[in-house]
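**Q** Here it is, the structure in full.
The values are calculated or read from the model by the stated rules, or taken from the named source; none is laboratory data. A quick note: this is a predicted structure, and the numbers were derived from the prediction, not measured. Glycine also receives a Cβ, built like all others from the backbone with ideal geometry; neighbour counts cover every protein chain displayed. We work out accessible area using only protein heavy atoms, side chains counted, and drop any ligands, DNA or RNA first. Shrake-Rupley method; radii C 1.70, N 1.55, O 1.52, S 1.80 Å.
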Amino acid sequence: MLPSRIVQPPSPFAHGSRSRLTPRDLPRFPSESLFDKIARVVCRAECLPRKELYEAWEVARRARRRFRGGRVIDLACGHGLVAHLMLLLDDTSPCALAVDTRVAGSAPSIAAGLVGAWPRIAGRVTIEERAIAEVALTPGDLVVSVHACGALTDEVLDAALAVRARVAVLPCCQEARPSALAGWLDPTLAIDVARAHRLLAADYDVFTQTIAREITPKNRLLLGAPRTS
Ligand SMILES: C[S@@+](CC[C@H](N)C(=O)[O-])C[C@H]1O[C@@H](n2cnc3c(N)ncnc32)[C@H](O)[C@@H]1O
């Protein structure tokens with residue numbers, strides 16, 4: 001009788017895992033797609049939780065489907081990956097500024113890896129340790145912010161609205177507060193609905209989307225651009 005071969009089932013690869021991507025994960029990203037190339041850089045950098053790669057990618061590509069060009073401003077940037085992805089997805093943006101009061105330790109490795117793989121973005125992404133309130137925005141900017149906790153998302157919206165810049169936020173940690181909508185809506189959803197209405201009231205075109213819940217349950221993406229006509 002022939003010896004039976006034991007076939008291991010493919011191990012699950014949850015996109016929302018907080019496990020750090022490492023070179024062991026390289027075979028998961030074999031293709032020549034832009035995403036797989038970026039993921040291979042991140043795996044080699046060995047510093048980023050898996051979910052943060054997928055969150056950053058899903059926000060950046062959705063934002064870029066709507067908004068081209070402009071200086072990219074990544075507020076509460078953490079690792080700064082979103083700022084880099086925004087340039088890789090649209091080379092018509094001249095530069096990006098990524099700020100955080102406490103830039104993540106992973107940021108230099110991520111930046112070095114991506115610049116090594118795409119030398120055309122060398123010198124175009126600046127990462128600075130400072131607060132959102134200290135950033136001078138201009139109307140042509142494209143403001144992005146992933147998981148600016150609680151009221152920090154409102155600060156991002158305040159900053160964008162003050163100069164009528166385009167904005168894309170993926171809020172998190174909504175702090176429940178009294179809402180007239182609480183009888184119908186989950187309190188965190190009520191807060192994000194109010195944020196969308198705030199943009200509409202400011203004469204913005206508003207787009208509401210979600211990224212896959214498997215990546216993060218804090219998955220509501222709010223995009224807005226000043227209405228032009
Ligand atoms: C949940 S983390 C998100 C980081 C990153 N965007 C991501 O998706 O992984 C929130 C970040 O906000 C930063 N932060 C808190 N207050 C801030 C402020 N006033 N200005 C800028 N960044 C701030 C924190 O240091 C932290 O890195």
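**Q** Out of the total accessible area of region 26-226 (probe 1.4 Å, heavy atoms of protein only), what percent is carbon and sulfur?
**A** 55 percent
**Q** Which value at 222 nm does the chain reach when only helices count, each DSSP H run of 4 or more adding -39,500 (n - 2.57), with the total divided by all residues and rounded to the nearest 500 deg cm²/dmol?
**A** Calculated mean residue ellipticity at 222 nm is -10500 deg cm²/dmol.
**Q** Same structure again: If you place +1 on the Cβ of every Lys and Arg and -1 on the Cβ of every Asp and Glu, how big does the dipole about the Cα centre of the chain come out, in debye to the nearest 20?
**A** For this selection, approximately 660 debye.
**Q** Would you mind pulling out the separation of the Cα centroids of region 164-229 and region 27-76, in Å?
**A** Cα centroid of region 164-229 versus Cα centroid of region 27-76: 22 Å apart.
**Q** Which of THR153, ILE38, ILE110 sits farthest toward the positive end of the charge dipole of the chain, with +1 on the Cβ of Lys and Arg and -1 on the Cβ of Asp and Glu?
**A** Of THR153, ILE38, ILE110, it is ILE38.
**Q** Please report, in debye to the nearest 20, how large the charge dipole of region 60-116 is about its Cα centre when each Lys and Arg carries +1 at its beta carbon and each Asp and Glu carries -1 there.
**A** 320 debye
**Q** Rounded to two decimals, what is the ratio between the C-alpha radius of gyration of region 110-202 and 2.2 N^0.38 Å?
**A** Working it through for region 110-202, the quotient is 1.33.
**Q** Taking a probe of 1.4 Å, how large is the accessible area per residue of the chain, in Å²? Could the numbers behind the result be given before it?
**A** On the way: 11340 Å² over 229 residues.
Normalised by residue count, the accessible surface of the chain is 50 Å².
**Q** Once you list every other residue whose beta carbon is under 12 Å from the beta carbon of VAL72, what net charge do they have if Lys and Arg are +1 and Asp and Glu are -1?
**A** Spelling it out: positives minus negatives among the neighbours equals +1.
**Q** Then there's this: Just how many % of Cα pairs in region 26-226 lie over 32 Å apart, if you round to the nearest whole percent?
**A** I get 13 percent for the Cα pairs in region 26-226 exceeding 32 Å.
**Q** Which percent, to the nearest 5, of DSSP beta bridges fully inside the chain are antiparallel?
**A** Here the share of antiparallel DSSP bridges comes out near 40 percent.
**Q** Now for a separate question. Sort HIS79, HIS84, HIS197 from largest to smallest accessible area, using a 1.4 Å probe on the heavy atoms of the protein chains. Numbers along the way, then the final one.
**A** Values: HIS79 25, HIS84 5, HIS197 110 Å².
The ranking, largest first, comes out as HIS197, HIS79, HIS84.
**Q** Let me ask another. For a quick check, take a GNM of the chain with Cα springs below 10 Å and name the residue from LEU142, LEU26, LEU181 with the largest mean-square fluctuation.
**A** Answer for the Gaussian network model of the chain: LEU181.
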